[in-house]
Structures are given as C-alpha cells and as structure tokens.
Amino acid sequence: MASLFDPPQDAFGRVGAAASPREVVAEPPAATPPVLTVSELCGGVRGVLEHVFDDVTVEGELSNVHLHGSGHLYFTLKDADAQLRGVMWRTSAVRVFFRVENGLRVRLSGRVSFYEARGEVQLVGHTLTLAGEGALFAALEALKDRLRTEGLFAHERKRTLPPFPCRIGVITSPSGAAVRDLLAVLGQRFPLCEVVLCGVAVQGLTAADEIAGAITRFGVLPEGHPLRPDVLIVGRGGGSIEDLWAFNEEIVARAIAASPIPVVSAVGHETDVTVADFVADVRAATPTHAAELVVPDAREVATLLNGYGATLREALRSRLSDAQRTLDAHRHALDTRMTARLTDARARLALATARLDARDPAAPLKRGYAFVTRDGVPVTAADLMPGDRVRLTWHDGETDARIA
C-alpha cells in the first residue's frame, strides 16, 4: 500500500520520470479507488503518522492539564497559531519531577499518534521538561526569592525541637532504603519513642501533593490525639535534582511553614539542598542524621543520668555531713548553756534556801530556844506577869509552865 508521503510515480512505476514525446505510452484504464471503512482509513492515518513522526520533540505552552486518577496525564500543547492534545501514560508521567501546571512552557518528547475513537491527532509523550536554558533553576530561584521575601526562611520563626519526643511522625516513601535506615537509627537510639509512618510518593507528578497533604493531616490532629507527633521528619534518600524536585515545590514549602508541629527536613545527601530545607525548623544532612537530631541516644542519657545520680548522692552526703556537724555544734552549745543555767539555778536555789532557813521560826528552837505562847498567842517577856500560865514549845516537844 502506498504511503501518503510517497513521491509521485509514472504509470510504469518509475519515480519522477516523464514520458518522451517520441514514445507512445499506453495509458492503463483508470482504477476505481477502493471503498474504505472509517476504521480502515483512521488506521491508515495512524500508521502513517506513527511511522513518520515516531520521535519528535515539540515545544509549547501547557493548558487543560488533568492528572487522571489512573495516573495518566492529559493536556493540550499550544502556541499562538495551533494546538495539539497530548497524553503521558502513567509509566512515563511518574518520571516527571516538577509540578505540571497550566501556562508552563515545556518541551515534550514522544511520538505523534491518531486517536481513532475521536478522530484526533495527539502527542504521546515519554519525557516532559521545562523549556529554555536554565528554566528549571530560574523558576527555583524565583520561588526562593518570593518565599524569602515573605519571611518563610527567617531564623526567628524556627522552633527548637523537643528534647525527649514521645512520638515522631515520618513522611517519606514506605519502601525506600532511607526509611529503613531512619527507623533503625530511631530504634537504636531511643526505643521508648513511638514512630508514626505516613507513606507518600517522593518523586513524580503526585509527590508534592502527597507530601504536603501528609504534613497538613498531621498538623490538624488535636493535642492528645494518639497519632499526633511531637516532631515531623520529612524527606527521602539521595538522587538527582529531578528526583528531589518535589521538595522544591511551593505547596510543600508552604505546608511546612504552616505546620503547628516542628518539622525536620531530611532530603537526599549532605550536599543536596532544597526549598524544604530553608523553610523547615531544622535541616538534617540525611535521613539518618535527622534521626540523630530528633532523639537522644538512650545510652548517653543513661550515662548522663548515672553521673547526675552520683553527683546528687555525693551532694546529699555532703549536706548530711554538714548538717550533722551543725547539729553536733548546736547540741554542744545547748548542753553548755543548759549546764550553765542549771549551775546558776542551783546556786540561786541554795541562796534562797539559806534565806528561807534563816527566817524559819523553828530554826532557833533547834539551837535550844523555846517558843512561848499564852492561850495560843505568841508572847514576849514584856507581855508576861508572874503567875501567867504559858506553853513552851521546843524543837522536840512542848510543855506547860507558870511564870514565877
């Protein structure tokens, strides 16, 4: 079957030949063109297009961008004078590292095909890149400048990480080596901490939306919720700039900035720097380094606590020793004062006793004197007359007498 793009031939099949005026050419009878079905014609058109335009790169502006639930990417590629529908099947679309949006100027590599069901020519792409020299980095720098102007990179808004987190949220690919290393380090360093893993795509068309969505979902959990983390680790293992591009997307940067939970960015290797690193509260060089930043080493904590315990015990012993010495000194001083006071009291008691003894009316009786009463009333010699009857009282007895 001749191609629509085949060069013209003469009646004898000679390409580009013209009949000589001296030659007599027998004209064959005109052939009746075959009657084709629509499907046959569309199939032929498709075959021609896919054969001739099987490897093309087309530059234009994106519009009508739609990421289907199946993962296929549909769009229109246009310039000032024309437009073509385009599609990237899921297996190719997942390799697109930047956020595909209307208005982007891109270069699409792939083939031209014909969608027979609708009778439309379409581009089937396998690679999609931003158009223009340095367009990728220019877009990145423009985003960084905008976010910096808004204050999202400011050191003043950075929060310190909790020293002893009870729960850590990890947002990364659930199947990568990075998450295995990160979880292993967390378990070794601080096994008391609980880890809540939220698996997301970390590259491809859906990665930025999934990462931002996970950060937001963690952030809206109320205080006291059994899954609300004390700190978030957001990241992935190393790769090319295209692999890491989801962490340069604005939607991820703004989700990190809006998070009420402190965020540690752990993207790639030590030399990899993304927009997420600038916005996060703390930047870790690698996912493993992030694990070392968010939790203490339990062995170091135990050693530190043992040191504190020894210091505390020594301090307590020292204070008890000082208190014992102080108590002994107080007891000695008290004993001395009590002894002095008792001695003084005894002296005063002896003096008072002596004074009382001196005034005791019975004291003269012990020296041989007698106590004279008349009718029970004490009398002196001047009170007595001869013949008075009196009573004499000695210290050892009494007797009656008459005054002569």
(message) I'd like the full set of residues that are loosely packed, with under 10 Cβ neighbours inside 10 Å, out of contact with any Leu (no Cβ under 8 Å at 6 or more places or on another chain) and assigned to a strand (DSSP E or B), limited to region 364-404.
(response) 377, 397, 402
(message) I'm checking my understanding of the structure. Among residues of region 28-63 that are in contact (Cβ under 8 Å) with a residue 40 or more places away in the chain and among the polar types (S, T, N, Q), which one is surrounded by the most Cβ atoms within 10 Å (Cβ to Cβ)?
(response) 63
(message) Residues that are in contact (Cβ under 8 Å) with a residue 12 or more places away in the chain, within 35 Å of the chain's Cα centre (by Cα) and not assigned by TED's automatic domain parsing to the domain that holds residue 244: does region 102-122 have at least one?
(response) yes
(message) Here is a check on your reading of the model: is residue 67 more than 24 Å from residue 210 (Cα to Cα), of a type in the set (A, V, I, L, M, F, W, C) and surrounded by 15 or more Cβ atoms within 10 Å (Cβ to Cβ)?
(response) no
(request) Name the residue, out of 285, 290, 302, that is closer than 26 Å to residue 218 by Cα, among the small types (Gly, Ala, Ser) and outside any loop (DSSP other than H, G, I, E, B). (result) 290
(request) Answer with yes or no whether residue 314 is in the same structural domain as residue 188 (by TED's automatic domain parsing), free of Cβ contacts under 8 Å to residues at least 60 places away in the same chain and surrounded by 10 or more Cβ atoms within 10 Å (Cβ to Cβ). (result) no
(request) Pairs only if they're at least six apart or on different chains, beta carbon under 7 angstrom, first in region 64-78 and in contact (Cβ under 8 Å) with a residue 12 or more places away in the chain, second assigned to a loop (DSSP other than H, G, I, E, B) and surrounded by fewer than 16 Cβ atoms within 10 Å (Cβ to Cβ); list them, first residue then second. (result) 65/101; 65/102; 72/89; 74/68
(request) Mind counting the residues in region 213-256 that are surrounded by fewer than 20 Cβ atoms within 10 Å (Cβ to Cβ) and hydrophobic (A, V, I, L, M, F, W, C)? (result) 5
(request) List the number of the failed condition for residue 361; all other conditions in (1) surrounded by 10 or more Cβ atoms within 10 Å (Cβ to Cβ); (2) free of Cβ contacts under 8 Å to residues at least 12 places away in the same chain; (3) not small (Gly, Ala, Ser) hold. (result) (1)
(request) Taking only region 153-178 into account, find how many residues are under 16 Å from residue 231 (Cα atoms) and of a type in the set (A, V, I, L, M). (result) 4
(request) Please work out if residue 300 is out of contact with any strand residue (DSSP E or B) (no Cβ under 8 Å at 6 or more places or on another chain), of a type in the set (Asp, Glu), touching a residue at least 40 places away in the same chain (Cβ under 8 Å) and surrounded by 10 or more Cβ atoms within 10 Å (Cβ to Cβ). (result) no
(message) Cβ contacts < 9 Å: first residue closer than 21 Å to residue 360 by Cα, restricted to region 371-391; second residue exposed (fewer than 10 other Cβ atoms within 10 Å of the Cβ), any location; separation 6+ or different chain. Result?
(response) 371/361; 372/380; 372/381; 391/375; 391/376; 391/400
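The values are calculated or read from the model by the stated rules, or taken from the named source; none is laboratory data. Source: prediction; values computed, not measured. Cβ: placed from backbone, ideal geometry, glycine included. Neighbour counts: every protein chain shown.
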